[in-house]
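Structure first, commentary second.
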Amino acid sequence: MRVVGMMSGTSYDAVDAAAAELTVEGDALVLRPLGMVSAPYPDPVREALAAALPPAATTVEAVCRLDTRIGQVFAALAVRADRELCGGRAGLVTSHGQTVHHWVAGGRTRGTLQIGSPAWIAEATGCPVVSDLRSRDVAAGGQGAPLVSMVDVLWLRGRPGVPVALNLGGIANVTVAGAGTRRPVAFDTGPGNALIDAAVRHVTGGRAAFDEDGALAARGGVDAGLLRRLLDEPYYAAPPPKTTGKELFHLPHLLGALAGREGIGGPDLVATVTRLTALTVADAVRSVAGTEVIASGGGTRNPTLMAMLRGELGGVPLRCSDELGLPSAAKEAYAFAVLGFLTLHGLAGTVPACTGARHAGVLGSITPGRGPLRLPEPLERAPVRLRLLPG
């Protein structure tokens, strides 16, 4: 089956769509990457989204408008992905949508909201759409994240040592597959690009949205006092499973730590929050005794961040997922293609040890396509490993 997986992360700059040919052979789920297409959010949509996200206040009307507009952006890209990557033969679209709030209180996830109505995708493509993948895990007592942990566990199971899959999105997360008597574990480590992007927007007055090629951070020096203040955030010391988002790691969080230290120059501020990401990720890797780190996500394109992370990791090798056959820029989109495929076949898409749920669950809601909804026969047994074929 050809499946399009769609993702827009916490950086909310663009929507990615990756297509995969997915089959089950014995105990393996076999994935052949077909490629990725991406489209930036139109400026009015991105601006409206930024204005609605925490800590800003918003209205139900604004959320309704965004739900439609984001759904339309996803739909247009899904049509393109089907045409350019699947030859018009996609059988399913999985849409993560856009996270606008992840409600965490008392160390527990109480709710999560991803918008971008799947009806627009189903109408435009004619394909059934799996969406709202996080809510079921939350309802089962889980954190609703990191959902990519299911794919990481299937992918890295059996690899020597203690490999750690790292996603450097707006929020960074890690997964350890587990082996023998060791249980898998996954959790958000804290900010990936979130505070870096916030700092760049702040020091450039909004003229730049991110630190292109890590250039600003490379020109600056780390302010040790500010770094200590930032590391005082209690989230870092909380035990996994745990999850976070831009509800915590946003510009006011950074400005609060800056109080009384306003003389820090722009490059030094960006260098300091870049070091914060590298240090908290490395601390997380050490906490699970990781022996290698396999990174993906937008942060891998920041050479200053990657250099700082290599330094913090010491002798632990750091490589990109491309080296293992999974394109780093598209990894999350491929992961959601896999989760939708599992849902369509009646299989659970979560690892309870990774999300903290009471049990594994079949994820999401299915919106029918143009014709009658015909689900395949549920698979008798779940795959236990992921095998990648050349794209």
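Among the residues of the stretch 72-94, the ones that are open to solvent by 60 Å² or more (accessible area, probe 1.4 Å) and closer than 13 Å to Ala17 by Cα come to 4 in all. Condition (residue is open to solvent by 20 Å² or more (accessible area, probe 1.4 Å), part of a helix (DSSP H, G or I) and not aromatic (Phe, Trp, Tyr)) applied to the stretch 23-44: is it met by at least one residue? The answer is yes; a qualifying residue exists.
Restricting the stretch 316-338 to residues that are buried (at least 16 other Cβ atoms within 10 Å of the Cβ) and free of Cβ contacts under 8 Å to residues at least 40 places away in the same chain, the residue that is nearest to the chain's Cα centre (by Cα) is Ser328. Contact map, the stretch 367-390: residues that are closer than 19 Å to Asp152 by Cα paired with residues that are modelled with pLDDT of 95 or more and open to solvent by 70 Å² or more (accessible area, probe 1.4 Å), Cβ distance under 7 Å, separation 6+ or inter-chain. Pairs shown: Leu389/Arg32. Determine, yes or no, whether Thr68 is surrounded by fewer than 23 Cβ atoms within 10 Å (Cβ to Cβ), touching a residue at least 40 places away in the same chain (Cβ under 8 Å) and of a type in the set (S, T, N, Q). For Thr68, the condition - surrounded by fewer than 23 Cβ atoms within 10 Å (Cβ to Cβ), touching a residue at least 40 places away in the same chain (Cβ under 8 Å) and of a type in the set (S, T, N, Q) - is met.
Here the stretch 244-288 is the region considered, the condition is being of a type in the set (Lys, Arg) and within 22 Å of the chain's Cα centre (by Cα), and the residue that is nearest to Arg110 (Cα to Cα) is Lys246. Quick one: which of Gly192, Gly107, Gly206 is on the phi > 0 side of the Ramachandran plot and in contact (Cβ under 8 Å) with a residue 24 or more places away in the chain? It is Gly107.
Against the numbered list (1) at pLDDT below 95; (2) at negative phi; (3) open to solvent by less than 40 Å² (accessible area, probe 1.4 Å), Tyr12 comes up short only at (2). Look at the stretch 281-297: where a residue is among the hydroxyl-bearing types (Ser, Thr, Tyr) and a partner is part of a helix (DSSP H, G or I), sitting 6+ places away or on another chain with Cβ atoms under 9 Å, you get Ser296/Ser321; Ser296/Asp322; Ser296/Ser328; Ser296/Ala329; Ser296/Ala330; Ser296/Lys331; Ser296/Glu332. Counting the residues of the stretch 95-123 that are in contact with a helix residue (DSSP H, G or I) (Cβ under 8 Å, 6 or more places away or on another chain) and either buried (at least 21 other Cβ atoms within 10 Å of the Cβ) or under 16 Å from Asp67 (Cα atoms) (or both) gives 15. Of all the residues in the stretch 211-241, those that are in a loop (DSSP other than H, G, I, E, B), at pLDDT 95 or above and surrounded by 15 or more Cβ atoms within 10 Å (Cβ to Cβ) number 5.
Annotation: of all residues in the stretch 274-315 being touching a Lys or Arg at 6+ places or on another chain (Cβ under 8 Å) and either under 17 Å from Gly170 (Cα atoms) or of a type in the set (A, V, I, L, M, F, W, C) (or both), the one that is surrounded by the fewest Cβ atoms within 10 Å (Cβ to Cβ) is Val293. Taking the criterion of being more than 19 Å from the chain's Cα centre (by Cα), under 20 Å from Phe341 (Cβ atoms) and assigned to a strand (DSSP E or B), the only residue of the stretch 91-127 that qualifies is Leu92.
The values are calculated or read from the model by the stated rules, or taken from the named source; none is laboratory data. Just so it is clear, the model here is predicted, and its values are computed rather than measured. Cβ: placed from backbone, ideal geometry, glycine included. Neighbour counts: every protein chain shown. These accessible areas exclude ligands, DNA and RNA; they are computed on the full protein's heavy atoms, side chains included. Shrake-Rupley method; radii C 1.70, N 1.55, O 1.52, S 1.80 Å.
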